[in-house]
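Here the structure comes first, spelled out in structure tokens, and everything after it is commentary.
The values are calculated or read from the model by the stated rules, or taken from the named source; none is laboratory data. Keep in mind that this is a model prediction, so the values were computed, not measured. Positions of Cβ are backbone-derived with ideal geometry, glycine not excepted, and every protein chain shown enters the neighbour counts.
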Amino acid sequence: MDAQQTASLLRDPLGEATRVVRFRAPVDPEAPADSEVTPDEVAIVIADACPATGFASYSTLDLARFPTNVTADDGRPIRTELITVGRVGFRAQADVLARCAFAVAGGSMHVLPNSLIPGAVAAVDDGRAMKHVLLVVPFCWTDLEILIDEGDAVTTWLQVVPISDSEFEFATRSGTDALFARLEAAGADVSDIDRAPVV
């Protein structure tokens with residue numbers, strides 16, 4: 001699925017009033033001179049007033065071109081796009097999503113529901129209560145088709161949910177399913193980058 005197809009699929013859940021921002025890969029001064037970061041750029045679509053006034057939705061457009069190290073039962077590769085929601089006042093949410101996209105595209109993780117990406121928020125704004133992210137099946141956009149069968153591959157969406165240090169530690173001890181259950185039971189406002197932790 002290319003960026004144009006992804007944008008078309010996002011039209012209903014995110015609306016027409018969107019813009020696209022391109023993010024360059026962060027430079028790692030510790031990386032060997034001959035190493036490459038894959039990709040060198042990711043595109044993020046931003047939709048204000050979605051899913052409601054005061055919020056903004058953010059989605060990758062071209063992440064599905066990179067492997068996730070996950071296959072369907074029949075052996076076809078599963079590709080992933082990422083989506084998240086934030087308060088309009090925290091525009092750095094787009095940067096957080098870009099960080100997550102670079103982590104996924106780097107190919108060093110298995111991209112599954114309830115996977116963790118350590119430090120994704122802290123790398124962008126360490127002053128926030130949330131520091132890491134949990135990838136979950138999207139639940140904020142009722143019109144989002146989260147599983148696309150493309151014949152030779154399958155593309156899914158995963159929602160980026162910012163989590164705190166204590167939640168991250170709980171997830172590593174008790175499992176990410178247990179953390180998601182706690183977030184759900186507490187009715188955690190996952191759009192609030194400074195919400196109170198549930199553990």
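Which pairs turn up if I take residues in the range 84-106 that are more than 10 Å from Ser191 (Cα to Cα) and look for partners that are part of a helix (DSSP H, G or I) with beta carbon separation below 7 Å, at least 6 apart in sequence or on another chain?
Every condition considered, the pairs that remain are Ala101/Leu63; Val104/Leu63; Ala105/Leu63.
For the range 47-95, name all the residues that are crowded, with 18+ Cβ neighbours inside 10 Å, among the polar types (S, T, N, Q) and in a strand (DSSP E or B).
Ser57, Ser59, Thr60, Thr80, Thr84
Scan the range 33-41 and give yes if some residue there is in contact (Cβ under 8 Å) with a residue 24 or more places away in the chain, among the hydroxyl-bearing types (Ser, Thr, Tyr) and in contact with a strand residue (DSSP E or B) (Cβ under 8 Å, 6 or more places away or on another chain), otherwise no.
no
Counting only residues that are exposed (fewer than 12 other Cβ atoms within 10 Å of the Cβ) and either β-branched (Val, Ile, Thr) or modelled with pLDDT under 75 (or both), how many does the range 3-19 have?
Total satisfying the criteria: 2.
Taking the options Ala120, Ala101, name whichever one is under 24 Å from Leu14 (Cα atoms), of a type in the set (Gly, Ala, Ser) and in contact with a His (Cβ under 9 Å, 6 or more places away or on another chain). Before you say what the answer is, go through the steps one by one.
Details: Ala101 fails: in contact with a His (Cβ under 9 Å, 6 or more places away or on another chain).
Matching residue, one of Ala120, Ala101: Ala120.
Can Pro113 be described as under 13 Å from Ser59 (Cβ atoms) and in a loop (DSSP other than H, G, I, E, B)? Spell out how you get there, then give the answer.
Values: under 13 Å from Ser59 (Cβ atoms): no; in a loop (DSSP other than H, G, I, E, B): yes.
Taking the combined requirement at face value, the residue does not satisfy it.
Residues in the range 143-179 that are of a type in the set (A, V, I, L, M, F, W, C) and under 15 Å from the mean Cα position of the chain (by Cα): how many?
Adding up the residues that qualify gives 7.
State which residue pairs qualify: first residue closer than 9 Å to Arg76 by Cβ and of a type in the set (A, V, I, L, M, F, W, C) and inside the range 141-154, second residue part of a loop (DSSP other than H, G, I, E, B) and modelled with pLDDT of 90 or more in any location, beta carbons under 7 Å apart, and separation of 6 or more residues or different chains.
Ala153/Arg76; Val154/Ala72; Val154/Arg76
Do we have any residue at all in the range 136-146 that's within 21 Å of Thr71 (Cα to Cα) and charged (D, E, K, R)?
Within the range 136-146, one or more residues are within 21 Å of Thr71 (Cα to Cα) and charged (D, E, K, R).
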